[in-house]
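Student: Let me give you the structure first, and then I'll get to my questions.
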Amino acid sequence: MPGVPSDRLRLAVIGAGLGSGPHFKSLQDLAGEAEVVWVHARDARRLATTPVPHGARKTTRLEDILEDTSVQAVLVLTPPNTHLALVQRLAQAGKHVLVEKPLEIDLTRAQALVEVCEQQGVLLAVMLQHRLRQAATRLRTLLNAGELGQLVSASASVRWWRPQSYYDVPGRGTLARDGGGVLITQAIHTLDLLLACTGLPTRVMGLASTSPVHAMEGEDCACALLHYADGAMATLQASTAAYPGFPERIELNGTLGSASLEAGMLQVAFMNGQTLSVGGGQGSGGGADPMAFDHAAHRAVLQDFIDAVRQGREPAVTGRSALAVQQLIEAIMASSRTGSPVVLHALPF
């Protein structure tokens, strides 16, 4: 991989919509390490009214980014169905990429996106920021050290709320633009973190539907039963029809203790009588305002991405690791359609 200058990393951002806010706040915090050179959006009117990091130039021409050889890395914050085409062009231009979740609208397109970055030798990171929350990293450390013993059972609950006005925005919650509803847009963070803790299940039974609360194409309610190779089981509940919205929660029960992770707070009870508390309560955008959360986890992912580019190493949240959650989501939806369990196999590395 080509060497990186010792001064600030030169970045570009593609996309200036609703989800760009925490990215721009994080980049402002990291201004000493990264310089935002360009901010691109197709809608000139939206771009004109969007506050961007100091010194960044606004453009509606993607070529300005592709042709600027000083740009080392690009953040892709556009709708999911645009990711593959954009990342193909960026990777071919030698730009490292951090893409907003999900990778793409389906697993086939997501795999193609990952593979083009690997073929072109550029780094690919994904904004699945829940993995880098303080409480989540501590939980994974405990699990990796075997301190909870063998997994017996687990559960994941995402009881969020979105008013109909949220889905009235053109394209939102559709298969063509977003790839689906609550699973791929909201619950994906919690599902990704669950898989980071438990690994991929071997068999999935799922149900998904659109409730009377919303008029939308995608699902706003989903449930699933996950079965693991060692006999452990997990349940999933995901909804954007749970007024007024509640913190997402993961529970893990092991042979040596149990852990509960609710938003940014981890509580652990060990069978030897010891207990552990890490983190604290924090917003996660589970209510009517989808942006009602602190940007610290976004900043952690961006900091890691900047460091990865500089050090020539893999980022903490790689594109290939993000394929697992898309596998799971597709399995849940496939099971719901057929009424039969779906067998999962780990993708080759």
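Student: Return the single residue from Ala316, Ala125, Ala269 with maximal mean-square fluctuation; model: Gaussian network over the chain, springs between Cα atoms under 10 Å.
Tutor: Sorting by GNM fluctuation, first place goes to Ala269.
Student: Treat each spin label as a single point 7 Å out from the Cα along the C-beta direction, and report the Ala31 to Arg310 distance in nm.
Tutor: Here the answer is 1.8 nm between the modelled labels.
Student: Follow-up question, since we're still on this one. What dipole magnitude, in Debye to the nearest 20, does region 100-210 give about its Cα centre under +1 on Lys/Arg Cβ and -1 on Asp/Glu Cβ? Working shown, then result.
Tutor: Details: 11 positive and 9 negative charges, 77 e Å.
Here the size comes out at about 380 debye.
Student: Test of understanding: what is the full-extension gain from Thr338 to Val152, defined as 0.36 nm times their sequence separation minus their Cα-Cα distance? Display every interim value, and only then the final one.
Tutor: On the way: separation 186, 0.36 × 186 = 66.96 nm, distance 2.80 nm.
That works out to 64.2 nm of additional length.
Student: Mind listing the phi-derived Karplus ³J(HN,Hα) values for region 148-155, rounded to whole Hz, using 6.51, -1.76 and 1.60 with θ = phi - 60°, and x for any glycine or proline?
Tutor: Karplus values, whole Hz, x for Gly and Pro: 9, x, 7, 5, 9, 7, 7, 8.
Student: Where does helix 188-198 land angle-wise versus the long Cα axis of the chain, in degrees 0 to 90, nearest 10?
Tutor: With both axes taken from Cα atoms, the answer is about 60 degrees.
Student: R0 = 22 Å: FRET efficiency of Thr69 with Glu115, Cβ-based, nearest 0.05? Let's see the in-between values first.
Tutor: Numbers: r = 24 Å, r/R0 = 1.11.
E(calc), rounded to 0.05, equals 0.35.
Student: Using a/c under 1.5 as the rounded threshold, could you call region 6-69 rounded, prolate or oblate? The axes a ≥ b ≥ c are square roots of the C-alpha gyration tensor eigenvalues, and prolate needs a/b larger than b/c, oblate otherwise. Don't skip to the end; give the middle numbers.
Tutor: Working: a/c = 2.32, a/b = 1.21, b/c = 1.91.
Oblate is the answer for region 6-69, as a/c is 1.5 or above yet b/c matches or exceeds a/b.
Student: Still on this structure, I have one more. Whose amide H sits under 5 Å from the amide H of Asp294, counting only residues 5 or more places off or on another chain, with H placed in the peptide plane?
Tutor: For Asp294, whose amide H was placed from the backbone, the distant partners under 5 Å are Gly283.
Student: Express the C-alpha Rg of the chain as a ratio against the empirical globular expectation 2.2 N^0.38 Å, rounded to two decimals.
Tutor: Details: Rg = 19.9 Å, N = 349, 2.2 N^0.38 = 20.4 Å.
Dividing the Cα Rg of the chain by 2.2 N^0.38 Å gives 0.98.
Student: Specify the angular offset, from 0 to 90 degrees and rounded to the nearest 10, of the alpha carbon long axis of helix 296-311 from the longest principal axis of the alpha carbons in the chain.
Tutor: 60 degrees
Student: Could you tell me which of rounded, prolate or oblate describes region 1-116, using a ≥ b ≥ c as the square roots of the eigenvalues of the alpha-carbon gyration tensor, with rounded for a/c under 1.5 and, failing that, prolate when a/b is larger than b/c and oblate otherwise?
Tutor: Working: a/c = 1.60, a/b = 1.15, b/c = 1.39.
Oblate, since a/c reaches 1.5 and b/c is not below a/b.
Student: Work out the FRET efficiency for Leu175 and Asn272 from their Cβ-Cβ distance, taking R0 = 51 Å, and round it to the nearest 0.05. All intermediate terms of the calculation are to be shown ahead of the outcome.
Tutor: Details: r = 49 Å, r/R0 = 0.96.
E(calc), rounded to 0.05, equals 0.55.
Student: Pairing the Cα long axis of helix 323-338 with the longest principal axis of the chain, what angle in degrees results, from 0 to 90 and rounded to the nearest 10?
Tutor: 60 degrees
Student: Which trypsin sites (Lys or Arg not before Pro) in region 1-93 sit in a loop by DSSP (not H, G, I, E or B) and have at most 12 other Cβ atoms within 10 Å of their own Cβ? Walk me through the numbers on the way to the answer.
Tutor: Numbers: sites: Arg8, Arg10, Lys25, Arg42, Arg45, Arg46, Arg57, Lys58, Arg61, Arg89; in loops: Arg8, Arg42, Arg61.
In loop regions of region 1-93 (DSSP not H, G, I, E or B), the sparsely surrounded trypsin sites (Lys or Arg not before Pro) are Arg61.
Student: For the chain, what does -39500 (n - 2.57) per DSSP helix run (n ≥ 4), summed and divided by total residues, give at 222 nm, in deg cm²/dmol to the nearest 500? Mind dumping the intermediate values first?
Tutor: Values: 11 runs with 106 residues, N = 349.
Taking each H run of at least 4 residues, the total per residue is -9000 deg cm²/dmol.
Student: As a test of understanding, state the convex hull volume per residue of region 73-157 from its alpha carbons, in Å³. Present the calculation step by step, with values, prior to reporting the outcome.
Tutor: Values: hull volume 12.0 nm³, N = 85.
Each residue corresponds to 141 Å³ of Cα convex hull volume.
Student: Can you give me the C-alpha center-to-center distance between region 213-263 and region 322-349, rounded to a whole angstrom?
Tutor: Going from one Cα centre to the other spans 16 Å.
Student: Does region 107-222 come out rounded, prolate or oblate, given a ≥ b ≥ c as the square roots of the eigenvalues of its C-alpha gyration tensor, rounded meaning a/c under 1.5 and, failing that, prolate meaning a/b above b/c? Intermediate values should be presented prior to the final figure.
Tutor: Working: a/c = 2.03, a/b = 1.30, b/c = 1.56.
Oblate.
Student: Between Ala85 and Thr108, what is the label-point separation in nm under the 7 Å Cα-to-beta-carbon projection?
Tutor: A separation of 1.7 nm, rounded to one decimal place.
Student: I need Leu175, Leu107, Leu77 ordered by Cβ neighbour count within 10 Å, fewest first.
Tutor: In increasing order of surrounding Cβ atoms, one gets Leu175, Leu107, Leu77.
Student: Then there is this: Mind checking the dipole of region 1-107: about its Cα centre, +1 per Lys or Arg Cβ, -1 per Asp or Glu Cβ, Debye to the nearest 20? Let's see the in-between values first.
Tutor: Working: 12 positive and 12 negative charges, 58 e Å.
Its charge dipole is roughly 280 debye.
Student: Have a look at Gly171, His227, Val71 and report the one farthest towards the positive end of the charge dipole of the chain, computed about the Cα centre with Cβ charges (Lys/Arg +1, Asp/Glu -1).
Tutor: Final value for the positive-end residue is Val71.
Student: Another question, then. Counting other C-beta atoms within 10 Å, and keeping those with at most 13, which DSSP coil GluC sites (Glu not before Pro) do you find in region 1-99?
Tutor: Details: sites: Glu33, Glu35, Glu63, Glu67; in loops: Glu33, Glu67.
Answer in residue order: Glu67.
No value in this document is a laboratory result; all are computed from the given coordinates. Predicted, not measured: the structure shown is a model, and the values here were computed from it. So basically every Cβ, Gly included, is an ideal-geometry build from the backbone, and we count neighbours across all protein chains shown.
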